[in-house]
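Working notes for the structure below.
The values are calculated or read from the model by the stated rules, or taken from the named source; none is laboratory data. Since we're looking at a predicted model, the values are computed, not measured. Methodologically, a virtual Cβ is constructed for each residue, glycine included, from the backbone with ideal geometry; neighbour enumeration extends over all protein chains shown. What goes into the accessible areas is simple: the full protein's heavy atoms, side chains included, and nothing from ligands, DNA or RNA. Shrake-Rupley method; radii C 1.70, N 1.55, O 1.52, S 1.80 Å.
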Amino acid sequence: MIRRLIAAAVGAAAVFTALAAPAATARPRACNTDAVAAPLHTTDAVHLRAGRSRHSRSVMVLAKNTDFYAECWGVTGTDWWAYGKVVSGSASGRRGWVHIDYVATGYRHAAW
(Lines give C-alpha, C1' and ligand atoms only; values in the text may rest on other atoms or scores of the structure.)
Protein backbone atom coordinates (compact mmCIF):
# COMPACT_ATOMS: atom_id res chain seq x y z
CA MET A 1 0.00 0.00 0.00
CA ILE A 2 2.76 2.47 0.94
CA ARG A 3 4.66 1.64 -2.25
CA ARG A 4 1.57 2.47 -4.33
CA LEU A 5 1.12 5.78 -2.49
CA ILE A 6 4.77 6.70 -3.03
CA ALA A 7 4.58 5.71 -6.70
CA ALA A 8 1.43 7.83 -7.14
CA ALA A 9 3.05 10.83 -5.42
CA VAL A 10 6.19 10.53 -7.56
CA GLY A 11 4.05 10.25 -10.70
CA ALA A 12 2.00 13.32 -9.76
CA ALA A 13 5.18 15.29 -8.99
CA ALA A 14 6.64 14.34 -12.37
CA VAL A 15 3.51 15.56 -14.15
CA PHE A 16 3.49 18.83 -12.20
CA THR A 17 7.20 19.38 -12.87
CA ALA A 18 6.69 18.72 -16.58
CA LEU A 19 3.86 21.26 -16.71
CA ALA A 20 5.58 23.94 -14.62
CA ALA A 21 9.08 23.69 -16.05
CA PRO A 22 10.57 24.71 -19.38
CA ALA A 23 10.85 21.87 -21.88
CA ALA A 24 13.79 19.65 -20.97
CA THR A 25 16.39 18.61 -23.48
CA ALA A 26 18.57 15.53 -23.57
CA ARG A 27 20.30 15.10 -20.24
CA PRO A 28 24.10 15.31 -20.44
CA ARG A 29 26.02 12.18 -19.46
CA ALA A 30 27.73 14.19 -16.73
CA CYS A 31 24.41 14.44 -14.83
CA ASN A 32 25.11 11.70 -12.35
CA THR A 33 22.51 12.31 -9.64
CA ASP A 34 18.75 12.00 -9.38
CA ALA A 35 18.22 15.44 -7.84
CA VAL A 36 15.12 17.29 -9.02
CA ALA A 37 15.12 20.21 -11.49
CA ALA A 38 14.94 23.65 -9.88
CA PRO A 39 14.65 27.38 -10.60
CA LEU A 40 17.78 29.17 -9.35
CA HIS A 41 19.51 32.54 -9.49
CA THR A 42 23.19 33.40 -9.20
CA THR A 43 24.34 34.92 -5.91
CA ASP A 44 27.51 36.39 -7.41
CA ALA A 45 29.19 36.55 -10.80
CA VAL A 46 29.86 32.95 -11.86
CA HIS A 47 31.31 31.12 -14.85
CA LEU A 48 28.87 29.19 -17.01
CA ARG A 49 31.07 26.25 -17.92
CA ALA A 50 31.11 23.68 -20.70
CA GLY A 51 31.77 20.86 -18.23
CA ARG A 52 31.38 19.89 -14.61
CA SER A 53 34.76 21.15 -13.41
CA ARG A 54 36.52 24.37 -12.46
CA HIS A 55 39.01 23.43 -15.18
CA SER A 56 36.34 23.18 -17.90
CA ARG A 57 36.15 25.91 -20.53
CA SER A 58 34.20 28.98 -19.43
CA VAL A 59 31.36 29.66 -21.88
CA MET A 60 30.74 33.08 -20.31
CA VAL A 61 30.42 34.83 -16.96
CA LEU A 62 26.89 35.23 -15.60
CA ALA A 63 26.15 38.38 -13.61
CA LYS A 64 24.80 38.31 -10.07
CA ASN A 65 21.01 37.61 -9.93
CA THR A 66 20.89 35.89 -13.33
CA ASP A 67 18.03 33.38 -13.43
CA PHE A 68 19.05 29.79 -14.21
CA TYR A 69 16.88 26.69 -14.62
CA ALA A 70 18.80 23.64 -13.34
CA GLU A 71 17.68 20.61 -15.35
CA CYS A 72 19.98 18.14 -13.64
CA TRP A 73 22.89 17.89 -11.20
CA GLY A 74 26.34 16.39 -11.17
CA VAL A 75 28.95 15.69 -8.53
CA THR A 76 32.71 15.74 -9.05
CA GLY A 77 34.45 14.62 -5.86
CA THR A 78 32.79 16.88 -3.28
CA ASP A 79 31.79 19.62 -5.75
CA TRP A 80 28.14 19.85 -6.81
CA TRP A 81 27.24 21.35 -10.19
CA ALA A 82 23.94 22.31 -11.79
CA TYR A 83 23.40 21.88 -15.54
CA GLY A 84 20.74 23.91 -17.23
CA LYS A 85 19.61 26.95 -19.14
CA VAL A 86 20.02 30.67 -18.46
CA VAL A 87 16.52 32.20 -18.42
CA SER A 88 17.18 35.93 -17.93
CA GLY A 89 19.50 38.63 -19.18
CA SER A 90 21.58 38.81 -22.34
CA ALA A 91 22.70 35.19 -21.93
CA SER A 92 19.13 33.87 -22.00
CA GLY A 93 18.98 30.52 -23.75
CA ARG A 94 22.63 29.55 -23.16
CA ARG A 95 23.25 26.17 -21.54
CA GLY A 96 26.03 24.99 -19.29
CA TRP A 97 27.20 24.14 -15.79
CA VAL A 98 27.36 26.39 -12.71
CA HIS A 99 28.91 25.55 -9.35
CA ILE A 100 26.31 25.41 -6.57
CA ASP A 101 28.35 27.68 -4.31
CA TYR A 102 27.15 30.54 -6.53
CA VAL A 103 23.41 29.85 -6.82
CA ALA A 104 20.32 30.01 -4.60
CA THR A 105 16.79 28.77 -5.08
CA GLY A 106 14.15 30.85 -6.84
CA TYR A 107 14.15 33.25 -9.76
CA ARG A 108 14.87 36.98 -9.47
CA HIS A 109 13.60 38.18 -12.86
CA ALA A 110 11.98 35.55 -15.07
CA ALA A 111 8.24 35.04 -14.87
CA TRP A 112 6.87 31.85 -16.36
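Filtering segment 84-104 to residues that are crowded, with 16+ Cβ neighbours inside 10 Å and among the hydroxyl-bearing types (Ser, Thr, Tyr) leaves Ser88, Tyr102.
If a residue must be assigned to a loop (DSSP other than H, G, I, E, B) and open to solvent by 50 Å² or more (accessible area, probe 1.4 Å), how many such residues does segment 37-55 contain?
At the first step, the residues of segment 37-55 found to be assigned to a loop (DSSP other than H, G, I, E, B) are 37, 43-45, 50-55.
Within this subset, residues satisfying the condition of being open to solvent by 50 Å² or more (accessible area, probe 1.4 Å) are 43-45, 50, 52, 54-55.
Going through segment 37-55 one residue at a time, the tally reaches 7.
Gly74 satisfies every condition listed in (1) crowded, with 19+ Cβ neighbours inside 10 Å; (2) closer than 22 Å to Arg108 by Cα except (2).
For segment 19-33, does any single residue satisfy the condition of being part of a loop (DSSP other than H, G, I, E, B) and at pLDDT 95 or above? Walk me through it before giving the result.
Initially, segment 19-33 is screened for residues part of a loop (DSSP other than H, G, I, E, B), giving 21-33.
Subset that is at pLDDT 95 or above: none.
No, every residue in segment 19-33 fails to be part of a loop (DSSP other than H, G, I, E, B) and at pLDDT 95 or above.
Among the residues of segment 56-67, the one identified as among the hydroxyl-bearing types (Ser, Thr, Tyr), part of a loop (DSSP other than H, G, I, E, B) and open to solvent by 20 Å² or more (accessible area, probe 1.4 Å) is Ser56. Residues of segment 68-112 that are among the aliphatic types (A, V, I, L, M) and assigned to a loop (DSSP other than H, G, I, E, B): Val87, Ala91, Ala110, Ala111.
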